Amino acid sequence: MPKTSRRHKDFSPDKVLESIFDNVIKGDGKLTGTTKDRLKYHIEIMKTLSEHLTGFKQGIYSTIYVPPLYPLKGFEYHLIPIINSYNKPEDIYIRFTNLLKELQELREPLYTEGHKKAALKCIEVAKPIYGEKVYSFVNKYVNLNKTILIDIVRKLIENNSIAGCTSAIQEVFEEENYGEIYRLCEEIKLGRGKNNDFKRRIISLGRTYDGILIFLGVASNYEPARIIRKEYRSYLLLRTPFTRAFINVMLRNIQVEDYVKAYKDFIECVVKTYPNSAEYIASYCGELLNNKWRHIGVESEYYLNKNIIKALYAMINELSSKIFH
């Protein structure tokens with residue numbers, strides 16, 4: 001079984017994927033999170049983004065990044081390795097480039113000790129019934145890997161929206177006839193507490209994928225009525241103009257740098273065109289995508305632009321209207 005991911009005290013710009021993985025998921029495989037830390041990260045991220053936005057408008061920064069996410073609550077641990085008080089907007093896109101290359105080149109799946117334990121317990125329970133097939137199941141679904149990430153994005157393309165990556169993962173393993181193995185293993189206890197079970201390990205991986213896909217622009221999340229959401233609840237993910245292009249990146253059909261440039265162009269276009277109506281921005285920035293980036297698989301259909309612009313517009317509005325202390 002592949003090596004366990006190491007915990008990081010500092011967020012390395014050269015190991016972005018592991019930094020995110022280790023920040024979102026604890027060594028026991030459960031989601032990280034304290035109310036105090038989440039609030040601290042939330043304030044830091046919003047303050048940094050607000051300063052970046054002001055600096056971009058004033059010409060201090062040459063580019064700008066805004067996550068296609070509203071509200072930000074629930075994604076603080078995903079974003080803090082990418083967005084913090086020490087970096088500039090240009091640094092964010094450098095980290096995106098590094099992250100995409102790491103995903104593209106990911107050959108060894110990432111495990112925590114908790115995911116290793118979950119995999120071994122599932123093998124112990126299911127192997128007598130399903131034989132060697134259980135190894136294929138745990139190797140794909142009980143760690144962070146590129147294969148299932150591509151399958152999740154394909155589900156997003158097929159359906160235009162998914163109820164979080166966990167639901168897409170479940171749909172994929174049902175299609176691949178692993179559903180019975182999952183149902184046999186899902187309630188396996190892995191420690192104290194009623195929620196400390198195999199199913200929560202799959203959920204923690206799904207939540208990690210949620211954040212990665214959103215801030216890379218592969219999906220957007222817009223749920224303005226959301227106030228509090230438990231870690232095991234789904235986040236609505238919507239398809240964007242960049243969803244199909246991401247598959248092209250993972251399959252090495254296009255350069256990582258081209259994807260990042262296209263995404264950066266789009267974010268800059270939206271920010272520059274704000275506060276025009278979302279409908280106008282969708283048409284105007286869609287034309288930019290069509291003219292400049294269609295050749296790498298970036299799409300420009302109005303409804304896809306509208307999906308992501310709703311989230312961007314709401315986030316820009318909040319960053320522009322509040323002072324973050």
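General observations
- The one condition in (1) among the aliphatic types (A, V, I, L, M); (2) open to solvent by less than 20 Å² (accessible area, probe 1.4 Å); (3) outside any helix (DSSP H, G or I); (4) closer than 26 Å to LYS15 by Cβ that ILE148 fails to fulfil: (3)
- For ASN177: the one exception among (1) open to solvent by less than 10 Å² (accessible area, probe 1.4 Å); (2) without any contact (Cβ under 8 Å) to a residue 60 or more places away in the chain; (3) not in a helix (DSSP H, G or I): (1)
- Here segment 1-29 is the region considered, the condition is being charged (D, E, K, R) and exposed (fewer than 15 other Cβ atoms within 10 Å of the Cβ), and the residue that is modelled with the highest pLDDT is ASP14.
- Inside segment 231-254, residues that are out of contact with any Gly (no Cβ under 6 Å at 6 or more places or on another chain), within 20 Å of PHE215 (Cβ to Cβ) and not β-branched (Val, Ile, Thr) make up a count of 9.
- Residue check, TYR61 crowded, with 23+ Cβ neighbours inside 10 Å, among the aromatic types (Phe, Trp, Tyr) and in contact (Cβ under 8 Å) with a residue 12 or more places away in the chain: no
- Top-ranked residue of segment 20-62 - restricted to ones that are β-branched (Val, Ile, Thr) and outside any helix (DSSP H, G or I), ranked as farthest from the chain's Cα centre (by Cα): ILE60
- A single entry from GLU105, GLU124 fulfils the requirement of being within 30 Å of LEU184 (Cβ to Cβ) and open to solvent by 50 Å² or more (accessible area, probe 1.4 Å): GLU124.
- Test: residue in segment 189-208 that is open to solvent by 30 Å² or more (accessible area, probe 1.4 Å) and acidic (Asp, Glu): no
- Pick from segment 256-274, criterion open to solvent by 10 Å² or more (accessible area, probe 1.4 Å) and without any contact (Cβ under 8 Å) to a residue 40 or more places away in the chain, ranking: nearest to GLN58 (Cα to Cα): LYS272
- Residue satisfying all of: in segment 257-298; over 19 Å from THR243 (Cα atoms) and of a type in the set (D, E, K, R); modelled with the highest pLDDT among these: LYS272
- Candidates GLU299, GLU279, filtered to the one that is open to solvent by less than 50 Å² (accessible area, probe 1.4 Å), touching a residue at least 24 places away in the same chain (Cβ under 8 Å) and either among the charged types (D, E, K, R) or part of a loop (DSSP other than H, G, I, E, B) (or both): GLU299
The values are calculated or read from the model by the stated rules, or taken from the named source; none is laboratory data. As the structure is a computational prediction, the values presented were derived from the model and not from experiment. With ideal geometry, Cβ positions are generated from the backbone for all residues, glycine too; neighbour counts draw on all protein chains shown. Just the protein is used for accessible areas: all its heavy atoms, side chains included, with ligands, DNA and RNA removed. Shrake-Rupley method; radii C 1.70, N 1.55, O 1.52, S 1.80 Å.
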